[in-house]
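Here the structure comes first, spelled out in structure tokens, and everything after it is commentary.
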Amino acid sequence: MADRLAFPWARTYDADQLAAFIEDLWGAASGDDDLATLDAIEKAVTYHRPADVPCPLSDRELEILTEVASGETRDSAARNLGISVESVRGRCPQIFARLGARNAPHAVAIAMRHGWIDDARVPELTDLPTRIAQGPMGWHLIYQARAAEMRKQPGMTVELGPYGSQNGARGAARRIRKGQFRPFRPAGAFDARQVRTDGGQWIVRASYTATPTSTEKAAS
């Protein structure tokens, strides 16, 4: 049976890792039935698949990249590390080249994916911009942050999205209501509906009700 499993490596994950992987697959599959959705699923699988890849960066370069990941500027990173600003500026292009990254955020994402830098210093969800990049793990972070906001203020309406299509928004709303995304459990604790904005984009408007309906209880 093991040789027929699509994700045999996922069976070694702990509960949190497995939940994050499944949530990302749900988010990736919430688009249209097209190649873009398939690409999103492929990226989600690639993101979570374990890989024992040696880090191409030196210890100093990893220190610099960790400073960048924690939100430091090149000047403040240099002060924290006790090196010159010129040294930081000179090493950044080398870091990007060795990782095959386009820029600093891309380099941080690559390093975090492979576990090369400590994510303990990365800003908490409450410090992230309102608009988080929507890709593998992107929806997971968005849902965590928005669910936390709604739990603090029951009844407050929060917008999620935009989604790629009406079907994508409808599917996301249904899964939120059913508690199929971990941040929105238990089933029925959140209300969610797809809405088309004046600009033509599809979003989900959700709120925390804290009172699961009998229908949702039965569905769960």
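Converting phi to 3J(HN,Hα) with the Karplus coefficients 6.51, -1.76 and 1.60 and the offset θ = phi - 60°, the stretch 140-146 yields 4, 5, 4, 5, 4, 5, 5 Hz in sequence order, with x at every glycine or proline. One decimal place: the segment Ala210-Asp75 gains 43.9 nm when fully extended, by the rule 0.36 nm per residue minus the C-alpha distance.
Per-residue 3J(HN,Hα) values for the stretch 87-103, derived from phi via the Karplus relation 6.51 cos²θ - 1.76 cosθ + 1.60 with θ = phi - 60°, read 5, 5, 4, x, 7, 4, x, 5, 4, 4, 5, 5, 8, x, 9, 7, 7 Hz in sequence order (x marks Gly and Pro). For the stretch 190-200, putting each phi into the Karplus relation 6.51 cos²θ - 1.76 cosθ + 1.60 with θ = phi - 60° gives couplings of 10, 9, 8, 9, 6, 9, 9, 7, 4, x, x Hz, in residue order, rounded to whole numbers and with x for Gly and Pro. Simple point charges give the picture: +1 on the Cβ of Lys and Arg, -1 on the Cβ of Asp and Glu, and for the stretch 64-116 a dipole about the Cα centre of about 180 debye.
Packing order of peptides 56-68, 79-91, highest average first: 56-68, 79-91 (average count of other Cβ atoms within 10 Å over each peptide's residues).
Values quoted throughout were computed directly from the atomic coordinates according to the rules given, and no laboratory measurement underlies them. Just so you know, these numbers come straight off a predicted model, no measurement behind them. Cβ sites come from the backbone with ideal geometry, for glycine too, and all protein chains shown count toward neighbours.
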